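Okay, structure first, notes after.
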Amino acid sequence: MFNIESSTINFNNDLIDHILKLSQTLPSNQHTNIGGWQRDFISNGRSGPDWLLPVTSQIDRKIQRLWVNINGPGHYNEWHTHYLARVGVIYLKVPPKSGDIEFRSYDEVYRITPQAGQFLTFPGSLEHRVLENQSSENRISIAINLF
């Protein structure tokens with residue numbers, strides 16, 4: 001019913017350091033995030049910015065849009081949809097209790113506790129949210145709208 005797929009993406013921890021540095025210099029966008037830092041990056045249809053190429057080159061679909069999320073303690077994302085064919089989330093840093101992702105279809109809710117390196121894809125029309133980060137560390141992910 002939920003049509004959620006999971007695979008693994010390899011990445012270097014330098015990517016996390018780069019994202020944290022960007023969050024110190026670039027303002028956050030406000031979408032579904034309550035707190036935290038969220039930043040859109042333009043995609044060229046395949047890879048996004050050059051510094052993401054080692055990660056995005058592992059994805060076998062074209063990228064329409066992508067953004068980076070840093071949810072610190074107490075931060076979360078509200079219920080939302082994307083209304084696209086497919087959405088993906090790459091988890092880079094996932095401390096324990098830093099916020100599961102939940103999916104909702106009618107009265108049924110399905111929860112996943114993500115792991116670092118996990119790449120989830122699911123229908124863009126599937127309603128989802130990220131629960132509150134109850135850890136003392138940041139959770140870092142990359143969300144992607146796919147063609």
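The values are calculated or read from the model by the stated rules, or taken from the named source; none is laboratory data. Since the model is a prediction, treat every value here as computed from it, not as a measurement. Cβ placement follows ideal geometry from the backbone for every residue including glycine, while neighbour counts extend to all protein chains displayed. Just so you know, the surface numbers come from the protein's heavy atoms only, side chains and all, with ligands and any DNA or RNA stripped out. Shrake-Rupley method; radii C 1.70, N 1.55, O 1.52, S 1.80 Å.
Only helices enter this figure: runs of n ≥ 4 DSSP H residues, each worth -39500 (n - 2.57), summed and divided by the residues of the chain, yield -3000 deg cm²/dmol at 222 nm to the nearest 500. For the chain, the per residue solvent-accessible surface stands at 52 Å², with DNA, RNA and ligands left out and a 1.4 Å probe. The Cβ shell under 10 Å around residue 98 holds other residues with a net charge of 0, Lys and Arg each +1, Asp and Glu each -1.
Tell me which label goes with the value of Rg and Dmax of the Cα atoms in Å computed from the coordinates here: (1) 14.1, 41; (2) 14.4, 48; (3) 15.0, 45. Checking each listed value against the structure points to (1). As a length-normalised measure over Cα pairs under 8 Å and 6 or more apart, the relative contact order of the chain settles at 32 percent.
Cα centroids of the range 14-44 and the range 114-130: 18 Å apart.
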